[in-house]
Amino acid sequence: MKVLGTEHNFLGLEEEKLYSFENAKYIIQSAPYEHTSSYLEGSAKGPAAIIEASKYVEFYDEELGVETVRTAPIATLEAIDFTGKYDKDAVDLIASETEKILDAGKIAVSFGAEHTVTYGFVQAYAKKYDNLTVLQIDAHSDLRESYHDNIYSHASVMARVKDMGINLCQAGIRAQCIEEAEEIKRNPKIHTYYAHQIRQNPNWVKDIVNDMTENVYITIDADGFDPSIMPAVGTAEPNGLFWNETLDLLRETCKNKNVVGFDIVECAPMEGTILSEYTLAKLAYRIIGYMETFKK
């Protein structure tokens, strides 16, 4: 596994002790796989854009009061090569590469293109951790059995996670088909907190955390955020989550559960603005900070 140096690594780290694989606790892996995008394309450029924007994120976390990277070094790997890999082959490659990170005793932090990549990440984490919940922050349910006759579509990724028997908690959902809505109603392992319900329930964070099992893997689709703060996405939806309420959920999850890893996907960079990728870079660093501060 090739580790990237200062010019291309997360946070632009210059001290080798902070970005070497041997020292690192967290490993940034990029999965720029884009094959089934259904609206605007460009998410394949998302992982590199987030890493580039991260160079402007301060090491000092103003909320936590620490320079997180000083006690939790972060290595960045060369992006996974998907040449000739599609659908199951691509997912299998992602799972294999993620397993290598976990087998080395590290925590994988993954930046992906389309949401399909999360299936591979979850497969690897499910092998290592029992009693796993996937916390999904997203505008869309992603529970279609297939989309455009492809069971590996980004619109079906959570259906594949569901097929694994994994507990699923969804936050910020506001776009789905009727079949997805019906599946949520009848499946006791799917706990969906719709965006319109969250604003009416002051206890929604506590409620969703209570629906989680002991170990939690987090997947964040950039379109889970409101387009006003996250415009660079392929399938934007109004009435999304905002920064503070998202951090409230992530903070309480890390406080009360064993968060084992996370990914951020579906950023499709826009020319002339770095708002989305910078926000996601800061979010990734903040989650690492929460995981360190509240580690079990």
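The values are calculated or read from the model by the stated rules, or taken from the named source; none is laboratory data. Here the structure is a predicted model, which means the values were calculated and not measured. All Cβ positions, glycine included, derive from the backbone under ideal geometry; neighbour counts span all protein chains shown. Accessible surface is based on the protein model in full, side chains and every heavy atom, while ligands, DNA and RNA are left aside. Shrake-Rupley method; radii C 1.70, N 1.55, O 1.52, S 1.80 Å.
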*Unique residue being within 22 Å of TYR285 (Cα to Cα), in a helix (DSSP H, G or I), of a type in the set (Ser, Thr, Tyr) and touching a residue at least 12 places away in the same chain (Cβ under 8 Å) when the list is THR6, THR76, THR98*: THR98
*Where in region 104-204 are there helices (runs of 4 or more DSSP H), lying fully within it, with 3 or more residues that are closer than 18 Å to TYR217 by Cα?*
117-128, 157-163
*Do we find that TYR86 is touching a residue at least 12 places away in the same chain (Cβ under 8 Å) and of a type in the set (Ser, Thr, Tyr) in this structure?*
yes
*Six or more apart or on different chains, Cβ under 7 Å: which pairs go from a residue in region 221-245 that's under 23 Å from VAL109 (Cα atoms) to one that's assigned to a helix (DSSP H, G or I) and among the aromatic types (Phe, Trp, Tyr)? Could you list them?*
ILE229/TRP243
*If you check every pair at least six apart or on different chains, which have Cβ atoms under 6 Å apart with a residue in region 185-212 that is free of Cβ contacts under 8 Å to residues at least 60 places away in the same chain and open to solvent by 40 Å² or more (accessible area, probe 1.4 Å) first and a residue that is part of a strand (DSSP E or B) and small (Gly, Ala, Ser) second?*
none
*Confirm whether ILE208 is farther than 16 Å from PRO47 by Cα, in contact with a Cys (Cβ under 6 Å, 6 or more places away or on another chain) and not aromatic (Phe, Trp, Tyr).*
yes
*asked:* Residue under question is THR293, and the condition is that it be of a type in the set (S, T, N, Q) and either at pLDDT below 95 or closer than 25 Å to PRO47 by Cβ (or both); does it hold?
replied: no
_Every residue from region 214-239 that is among the hydroxyl-bearing types (Ser, Thr, Tyr) and open to solvent by 20 Å² or more (accessible area, probe 1.4 Å)_ = SER228, THR235
*Some residue of region 251-273 being closer than 13 Å to VAL57 by Cα, touching a residue at least 40 places away in the same chain (Cβ under 8 Å), open to solvent by 40 Å² or more (accessible area, probe 1.4 Å) and in a loop (DSSP other than H, G, I, E, B)*: no
_Residues that are closer than 30 Å to SER156 by Cβ and surrounded by fewer than 19 Cβ atoms within 10 Å (Cβ to Cβ), drawn from region 70-92_ = GLU78, ASP81, THR83, GLY84, LYS85, TYR86, ASP87, LYS88, ASP89, ASP92
_Test result for GLU67, more than 30 Å from LYS162 (Cβ to Cβ), at pLDDT 95 or above and open to solvent by 40 Å² or more (accessible area, probe 1.4 Å)_ = yes
_Residue under question is TYR33, and the condition is that it be assigned to a loop (DSSP other than H, G, I, E, B), more than 29 Å from HIS140 (Cβ to Cβ) and touching a residue at least 40 places away in the same chain (Cβ under 8 Å); does it hold?_
no
*Taking SER276 as the residue in question, decide whether it is open to solvent by 20 Å² or more (accessible area, probe 1.4 Å), at pLDDT 95 or above, farther than 21 Å from ILE107 by Cβ and out of contact with any helix residue (DSSP H, G or I) (no Cβ under 6 Å at 6 or more places or on another chain).*
no
